[in-house]
1. Would you check which residues across the stretch 84-104 are at pLDDT 90 or above and more than 19 Å from the chain's Cα centre (by Cα) and list them?
2. Assess whether PHE6 counts as being within 29 Å of GLY123 (Cα to Cα) and of a type in the set (Phe, Trp, Tyr).
3. Tell me, yes or no, whether the stretch 73-86 has at least one residue that is touching an Asp or Glu at 6+ places or on another chain (Cβ under 8 Å) and more than 20 Å from LEU52 (Cβ to Cβ).
4. Can you tell me how many residues within the stretch 3-60 are closer than 30 Å to LEU74 by Cα and of a type in the set (Asp, Glu)?
5. Restricting to the stretch 77-88, and then to whatever is surrounded by 11 or more Cβ atoms within 10 Å (Cβ to Cβ) and among the charged types (D, E, K, R), can you tell me which residue is nearest to ARG64 (Cα to Cα)?
6. What residue, of ARG64, ARG48, is surrounded by 11 or more Cβ atoms within 10 Å (Cβ to Cβ) and on the phi < 0 side of the Ramachandran plot?
Amino acid sequence: MDTLSFFWDLKQQTDIELLKTEVGFAKGDAQAAAQSVLMNIVVPLEKRLDKLSLVTRAMWSLLREKTDVVESDLVRRIADLDAMDGQMDGKVTRPPMDCPNCKSMVSRKFNRCLFCGYVPPEGSPFDSV
């Protein structure tokens, strides 16, 4: 092996070791970011979902005890509400609306116009959920 090949191989090995180190750091950063998302977003959402489930079950048990509503009525109403937006997809989607100020589309996700800031009046307590 000539001297040039030796130094070339040595440089290649050094580059490979540096890249392995960088990959290790990147993997650690990715794991830290994933942990942050889990603790700051997923866990609080799971807690909210658990609470919502508990409240919903409590409301259903009270409604069933105090009225003559039965589970088939509930299932039928869920299907009716699901179909209101034209799609049976297990969720209620509010229809888009034009901004009365600038005629742009009002973001239903943020419940305001992203161009001029117009906030539509709430028509139902569920509009802000």
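The values are calculated or read from the model by the stated rules, or taken from the named source; none is laboratory data. A quick note: this is a predicted structure, and the numbers were derived from the prediction, not measured. Every residue, glycine among them, receives a Cβ derived from its backbone with ideal geometry; neighbour counts consider all protein chains shown.
1. MET88, ASP98, CYS99, PRO100, ASN101, CYS102, LYS103, SER104
2. Working: within 29 Å of GLY123 (Cα to Cα): no; of a type in the set (Phe, Trp, Tyr): yes.
Here the answer is no, as PHE6 does not meet what is asked.
3. Keep residues of the stretch 73-86 that are touching an Asp or Glu at 6+ places or on another chain (Cβ under 8 Å), which gives 82.
Still in the running and more than 20 Å from LEU52 (Cβ to Cβ): none.
For the stretch 73-86, residues touching an Asp or Glu at 6+ places or on another chain (Cβ under 8 Å) and more than 20 Å from LEU52 (Cβ to Cβ): absent.
4. Step one: list which residues in the stretch 3-60 are closer than 30 Å to LEU74 by Cα, which gives 42-60.
Next, from what is left, pick out any that are of a type in the set (Asp, Glu): 46, 50.
Adding up the residues that qualify gives 2.
5. So, considering only residues that are surrounded by 11 or more Cβ atoms within 10 Å (Cβ to Cβ) and among the charged types (D, E, K, R), the one nearest to ARG64 (Cα to Cα) is ARG77.
6. Numbers: ARG48 fails: surrounded by 11 or more Cβ atoms within 10 Å (Cβ to Cβ).
Unique residue meeting the criteria: ARG64.
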